[in-house]
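Worksheet for the structure shown next.
The values are calculated or read from the model by the stated rules, or taken from the named source; none is laboratory data. What you see is a predicted model; the values in this text were computed from it and never measured. Cβ atoms come from the backbone with ideal geometry, glycine included; neighbour counts cover every protein chain shown.
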Amino acid sequence: MKLHSVEMPGKLVVTAPATGQIISEIDETPVHETPLYYKRARTAFFKWKSIPTSERLVYLKKLKKYMVEHMDEIAKTISKDTGKVLTEAIVADIMPTLDAIDHICKHAEKILGRQKASTPLLLIGKRSFVEYMPRGVVLVISPWNYPLQLAMVPMISALAGGNTVILKPSEVTPLVGKCIEDLFVKAGFPEGVVQVAHGGKEVGSAFTKGKSDYIFFTGSVRTGKIIQEQAAKELIPTTLELGGKDPMIVFKDANLKRAAKGAVWGAFTNSGQVCMSAERLYVERPVYKQFLKILKKEIDLLQHGTDADADIGSMTFPGQKEIVKEQLDEALQGGAQLLTGKPSGEWEEGMFLPLSVLTNVKQSMKVVQEETFGPLLPVIPFDTEAEVIELANDTVFGLNASIWSKDMTKARRTASQLVSGAVVINDVIVSVANHGIPFGGTKDSGIGRYHGEAGLRIFCHEKAIVEDWGIKKTEIQWYPYKGKYPLFIKLFTSYFQERRNWFTFLKSFLALMRKN
């Protein structure tokens, strides 16, 4: 089996993971051109930042229009490049991107506009505001599992704020990277505002060291730490969207049929290659065996394939297949049992993996503690609410979680105690599809948030502005200080005590004014 993307001198040879066929060749960006990319981006920045937000949004609307008109073509490119089925390409990659453009076009002007802030009484006569100033050149380094959405959303967020963008897409899915580059050209973005650098680790490293003004990275914990270390040397701010090991908690009073269907989709959509996959399933013991029967029945209905009606596509990256194999082998050797799926020795050649559900799993196993990023689901019984909260929090990750119960009070109480960037109740994964709420992780799942108001403002400097009309000739805290100290004591004591003494406050304030 050939690797999906084979690096050749100056070329990325793209092989479809589902079929093993070579489908394209893409020119790699020479490392020595890194300074030229940054020079073009900085030149374009001075003009791009100066145009009103409303005008920048016109370009995003043109981008959306082109994407809508070419949706089928884009979906097929994503499917060929990743191995995911067409339905997932359009529902999980294209739709969230279009929805993000809509959200930004609707809210960006208000979110990024001048915000009035309160001014304390002691600064009487002044007004306070916050303005949002673009940072400059934003480097976006995107992953291969959702190569369109996870590149485009941070890109368009940064662009709306007046930044220019350099995208370094994953070398595992370079065909989608090329597609993104073409989309911005077709939408008519000015030269230098958006650039795409194609290539592998050397290209990524060169651009990371290229002194951007912000780095937005989505990918593995290991690579995220390397990027953070490099960024720290130049005090470059970052957002890191990293891995997950998301727990799914099913209480005995849940709608078991819905929960089982949710678990199957949450664990196996995109062949489990989702940072928010349901990678650990905890089921309350009284319904554990019943739930496993429903779960197996739902899994048995699914079909692998490449046609439009297929449910499950192939794995995308060969290296990820080896991680799934390692975790499965360790679990089986430790006494775990397969409810569905096959031992790795019985897997068929290629990138389609069986949907594997494991029982008799120990909390200490790799399949419970380490990110799998593949179609492998451990199911563990629990007895009490306190126990399952402890188990759910017992990893280095904290990206997303789901809780299933008809008792909303219990579900909300449990959600509040999970160390997680997001929690979904009686559904799974979908929090990322709401662009009005923040998305990001805790612990090793990352740093920072995007989506929501934060998703636009992270790409800007916050600038505090305090205004005075300039009518008064002086301020009470200015020189000279002679005779002011006891008056300040009276002023602050009257103001900050539990019940303010307004008479003493005004008397002291006027006395201080007369001292000037």
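Among the residues of region 124-142, are any closer than 27 Å to Glu88 by Cα and small (Gly, Ala, Ser)?
Checking region 124-142: at least one residue is closer than 27 Å to Glu88 by Cα and small (Gly, Ala, Ser).
What pairs come out if I take residues in region 35-51 that are at pLDDT 95 or above and pair them with residues that are aliphatic (A, V, I, L, M) and part of a loop (DSSP other than H, G, I, E, B) whose C-beta lies under 7 Å away, six or more apart or interchain?
Tyr37/Ala197; Ala44/Val193; Trp48/Val193
Filter region 448-480 down to the residues that are over 21 Å from Leu121 (Cα atoms) and either surrounded by fewer than 17 Cβ atoms within 10 Å (Cβ to Cβ) or over 10 Å from the mean Cα position of the chain (by Cα) (or both) and list them by number.
Across region 448-480, the qualifying residues are Gly452, Glu453, Ala454, Leu456, Arg457, Ile458, Phe459, Cys460, His461, Glu462, Lys463, Pro480.
Out of the residues in region 14-54 that are of a type in the set (Asp, Glu) and surrounded by fewer than 16 Cβ atoms within 10 Å (Cβ to Cβ), which is farthest from Leu456 (Cα to Cα)?
Across region 14-54, the extreme among qualifying residues is Glu25.
For residues that are over 18 Å from the mean Cα position of the chain (by Cα) and of a type in the set (A, V, I, L, M, F, W, C), scanning just region 154-179, find the one that is farthest from Asp81 (Cα to Cα).
Cys179
Is there any pair linking a residue in region 425-447 that is under 25 Å from Leu98 (Cβ atoms) to one that is of a type in the set (Asp, Glu) and surrounded by fewer than 22 Cβ atoms within 10 Å (Cβ to Cβ), with Cβ under 7 Å and at least six apart or on different chains, and which?
The qualifying pairs are His435/Asp99.
Could you grab me the full set of residues in region 350-365 that are touching a residue at least 60 places away in the same chain (Cβ under 8 Å) and either outside the structural domain of Asp311 (by TED's automatic domain parsing) or assigned to a strand (DSSP E or B) (or both)?
Across region 350-365, the qualifying residues are Val357, Thr359.
Would you point out the residue of region 296-319, among those that are part of a helix (DSSP H, G or I) and at pLDDT 95 or above, that is surrounded by the most Cβ atoms within 10 Å (Cβ to Cβ)?
Ile299
Given the condition surrounded by 19 or more Cβ atoms within 10 Å (Cβ to Cβ) and either modelled with pLDDT under 95 or among the charged types (D, E, K, R) (or both), answer yes or no: does some residue in region 204-224 qualify?
yes
Looking only at region 140-155, filter to residues that are β-branched (Val, Ile, Thr) and in contact with a Leu (Cβ under 9 Å, 6 or more places away or on another chain); which one of those is surrounded by the fewest Cβ atoms within 10 Å (Cβ to Cβ)?
My answer is Ile141.
Taking Asp311, is it of a type in the set (D, E, K, R) and touching a Leu at 6+ places or on another chain (Cβ under 8 Å)?
yes
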